[in-house]
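The block underneath contains the structure these notes are about, expressed in structure tokens.
The values are calculated or read from the model by the stated rules, or taken from the named source; none is laboratory data. Nothing here was measured: the structure is a model prediction, and the numbers come from that model. Note that we place each Cβ from the backbone using ideal geometry, even for glycine, and neighbour counts take in every protein chain shown. Side chains are part of the model used for accessible areas, which takes the heavy atoms of the whole protein and leaves out ligands, DNA and RNA. Shrake-Rupley method; radii C 1.70, N 1.55, O 1.52, S 1.80 Å.
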Protein chains: 2
Amino acid sequence: MEIALLVFDGLTALDAIGPFEVLSRLPGAEVRLTAKERGPISTGRGNLRLIAEHDLSEITAPDILVVPGGGGTRALMSDEELLDWIRSVHRHTRWTTSVCTGALLLGAAGLLDGLRATTHWLEMDTIASQGAEPTGERVVREGKIITAAGVSSGIDMALTLVALEAGDEVAQAIQLSIEYDPQPPFDAGSPEKAPPEIVARLRGLAAAPRG
Amino acid sequence: MEIALLVFDGLTALDAIGPFEVLSRLPGAEVRLTAKERGPISTGRGNLRLIAEHDLSEITAPDILVVPGGGGTRALMSDEELLDWIRSVHRHTRWTTSVCTGALLLGAAGLLDGLRATTHWLEMDTIASQGAEPTGERVVREGKIITAAGVSSGIDMALTLVALEAGDEVAQAIQLSIEYDPQPPFDAGSPEKAPPEIVARLRGLAAAPRG
């Protein structure tokens, strides 16, 4: 089974690596980091770079597509070469998935029109403008399209996907092998749960002019 | 604030990227991927490579050290150059931390002797043999040393560390920005919670001869 993990400059690393760590443990799966050009990819923060091993021309019919998010999605929402590739591989996939603002690329490719979907909580209006029906659920499955909420949700999405592909026991074994027994020190991981002043501050930062 | 994130061939990617995603959002922090040699680092699974931007000689007095785990730790447990570097930077750190089998490197460097500590659930005996007192807690703080359990626990550890350094509100804002509101599809993330036959199978795989 071939799994294409799209990577690009301005990617949020955990959006990609959460699903990578789960899906690379799926027996028989090969996860291929795929970008417009092979070579180093700068993530959105600090000094972290990943290496794209494949370009788009090499990966034409993956079984699963995973599209992570990050600030770099903005520029790609109007990149017709990339959007054409997403549309093209989607015709072949068993599952087409996104994490965080990766959903904006599925939306820009026209794949979310009329579907329930999710993304980072600060970008719900954007997927609505693309024709999706935003939901507050963490992992949303509509046919073969699965969208996940912000950043860390890709771990939950990937375990859900493994269960669909290989059964609950395989998913549970992977969960145990990565000791995914989350115990966050605070209960502030969604806008409904975080202190209102923190939600307001992040909304203000997101609305501020950039650049 | 300088944060050294040790990377090496055979690293488990999520061990490093979980803390990276949290700590790179700490205001004023610079996370530096540091390895014995600069350049591409092969992670333990699939085709994922990261780039180490710094070698050990460049990073001599970080404020925080993060040591992730992975199969590659085995070879490094007897690498005196690396262990000397860990001992040396530990004299300067505010916090010395590990995720998963990164604890085995702290232990090999002699830093866990007599301390409560944790690691991946399959490696508790190893840190015991290094003089640590293993615990089943997910994040264990002993003075300035913080050890975390397997793989995904680095996210919880890093949020704990941000709260210690910058206060609860900063940690909560980061938790919300990465939407860390975990909802695993199963409750199988620790050996106490997973089905016993799955725990037994992973113990058997771990005990099998390797290589």
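If you filter region B:107-211 for trypsin sites (Lys or Arg not before Pro), then keep DSSP loop positions with at most 11 other Cβ within 10 Å, what is left?
Those that pass, being in a loop and sparsely packed, are B:Arg210.
Determine the relative contact order of region B:1-65: mean sequence separation of Cα pairs under 8 Å and six or more apart, normalised by residue count, in whole percent.
42
In whole Å, largest first, what are the principal axis extents of the Cα atoms in the protein assembly as shown?
Reported extents, whole Å, longest axis first: 60, 47, 38.
So for the protein assembly as shown: antiparallel DSSP bridges make up what percent, rounded to the nearest 5?
For the protein assembly as shown, the DSSP antiparallel bridge percentage is about 30.
Go ahead and estimate [θ] at 222 nm for chain A from helices alone: -39,500 (n - 2.57) per DSSP H run with n ≥ 4, summed, over the residue count, rounded to 500.
-10000 deg cm²/dmol
Which percent, nearest 5, of DSSP beta bridges in region A:54-172 are antiparallel?
Close to 30 percent.
If exposed GluC sites (Glu not before Pro) are those in a DSSP loop with at most 14 other Cβ within 10 Å, what is the longest stretch of chain A that has none?
So the longest stretch without any such site is A:38-191.
In the neighborhood of B:Arg49, defined by Cβ-to-Cβ distances under 15 Å, what is the net charge if each Lys or Arg adds +1 and each Asp or Glu adds -1?
Charge balance near B:Arg49 sits at -1.
Using only the alpha carbons, work out the radius of gyration and Dmax of region B:148-211 in angstrom.
16.3, 47
Kirkwood Rh, chain A, all Cα pairs: how many Å?
Over chain A, the inverse of the mean reciprocal pair distance is 17.3 Å.
Expressed as a whole percentage, what fraction of the accessible surface of chain B belongs to carbon and sulfur atoms when a 1.4 Å probe is rolled over the protein heavy atoms?
C and S atoms contribute 47 percent here.
So how much slack lies between A:Ala128 and A:His54, counting 0.36 nm per residue of separation and subtracting their Cα-Cα distance, in nm?
Residue separation times 0.36 nm, minus the Cα-Cα distance, leaves 23.4 nm.
Rounded to the nearest 5, what is the percent of antiparallel bridges among the DSSP beta bridges in chain B?
Of those bridges, close to 30 percent are antiparallel.
Roughly how crowded by other chains is peptide B:193-205, in terms of the mean Cβ count from those chains within 10 Å of each of its Cβ atoms?
Counting other chains' Cβ atoms within 10 Å and averaging over B:193-205 gives 3.
Could you compute the net charge surrounding A:His90? Neighbours are other residues with a C-beta less than 11 Å from the C-beta of A:His90; K and R count +1, D and E count -1.
+3
For region B:1-123, what's the relative contact order in percent, using C-alpha pairs closer than 8 Å and at least 6 residues apart?
Over region B:1-123, the number comes to 26 percent.
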